[in-house]
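The values are calculated or read from the model by the stated rules, or taken from the named source; none is laboratory data. Everything quoted here is computed from the prediction, not taken from an experiment. Here the Cβ is made from the backbone with ideal geometry for all residues, glycine too, and neighbour counts use every protein chain on show.
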Amino acid sequence: MNAWSGLVKKEFRLGLTGIYWSITAMLLVYGLLTFLTWKFDEGTILFAGSFVIVILHTFYMPAYLVVSIYMEKDRMHMWLHSLQSGYSLLLAKFLTGLAYMFLSLLLASLVVIYSGTSLTNIIAEAGLSTKGLFVNGINVVIHVIGLSLYYAVWGVFFWTISLSLKKYLGKLQWLVLIPLIIIGFVSMFKWESSSLFSKLTNWGAIPLDEFIYPIVFGKGIGEITIEGSIANAVYIGTYVYYAFIMLILFFIAGWIIDRKVEV
């Protein structure tokens with residue numbers, strides 16, 4: 001346990017440079033957005049821009065892991081041959097990445113909330129209450145975190161496969177890896193578009209109007225409603241499926257590090 005705690009502390013130190021740069025970049029963007037908001041006297045600029053920054057956190061975990069793994073390049077041999085299991089090595093990186101992502105998302109969300117306070121009239125005209133804005137915001141953040149983790153797990157999975165292929169093929173690993181990635185995603189797309197997939201995952205329906213507050217602009221004939229989804233409901237089964245996929249990919253990646261890379 002102490003050894004793993006030391007590993008986590010090392011990962012936090014390794015990620016400090018990345019979080020400094022990401023927050024600095026965000027502050028510079030916020031500075032530009034604030035200037036444009038002041039120059040054009042348009043509060044929606046800061047609000048919309050900060051909301052986009054929240055959405056862009058979808059790619060935070062993949063980017064964090066790319067940087068974190070790159071920073072291991074000079075001591076990759078030592079990292080792969082650590083006394084810790086492959087699962088522990090990867091889990092330490094994911095946990096520290098999530099911690100830094102929460103910090104970055106908190107900053108971005110606070111700016112969204114702050115900029116939204118100056119748009120109360122517009123929000124009221126859109127037919128969205130304070131409660132609705134809060135609930136929609138929570139839903140966005142949850143899905144951003146989920147998608148970011150999903151993309152990151154896939155990235156780590158293919159990275160470990162590339163390490164395994166490199167043992168046998170050297171620099172020619174890409175001739176096998178790229179077709180594998182294409183075949184893998186095409187197969188996943190076809191499977192998730194099938195009727196069998198729908199039957200297996202379309203359970204535990206939650207009507208969207210129970211947790212997505214529609215935004216209405218205008219009245220009568222010119223009314224535009226933004227529901228947040230073209231579906232009438234989301235399904236617990238779908239979330240369970242993607243959580244299961246993430247766990248399977250994570251454990252396969254850890255197994256590859258233990259069995260195929262370290263040996």
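Structure notes:
- Any chance M1 is of a type in the set (A, V, I, L, M, F, W, C), modelled with pLDDT under 80 and out of contact with any Asp or Glu (no Cβ under 9 Å at 6 or more places or on another chain): yes
- Any hit, the range 45-54, residues being surrounded by fewer than 17 Cβ atoms within 10 Å (Cβ to Cβ) and within 28 Å of I138 (Cα to Cα): yes
- Selection status of A152, of a type in the set (G, A, S), buried (at least 17 other Cβ atoms within 10 Å of the Cβ), more than 29 Å from A108 (Cα to Cα) and modelled with pLDDT of 90 or more: no
- In the set (1) surrounded by fewer than 15 Cβ atoms within 10 Å (Cβ to Cβ); (2) touching a residue at least 12 places away in the same chain (Cβ under 8 Å), the condition left unmet by I183 is number (2).
- Test: residue in the range 233-244 that is surrounded by 10 or more Cβ atoms within 10 Å (Cβ to Cβ), farther than 22 Å from V144 by Cα and at pLDDT 85 or above: no
- Considering residues of the range 20-44 that are modelled with pLDDT under 85 and in a helix (DSSP H, G or I) only, the residue surrounded by the most Cβ atoms within 10 Å (Cβ to Cβ): T37
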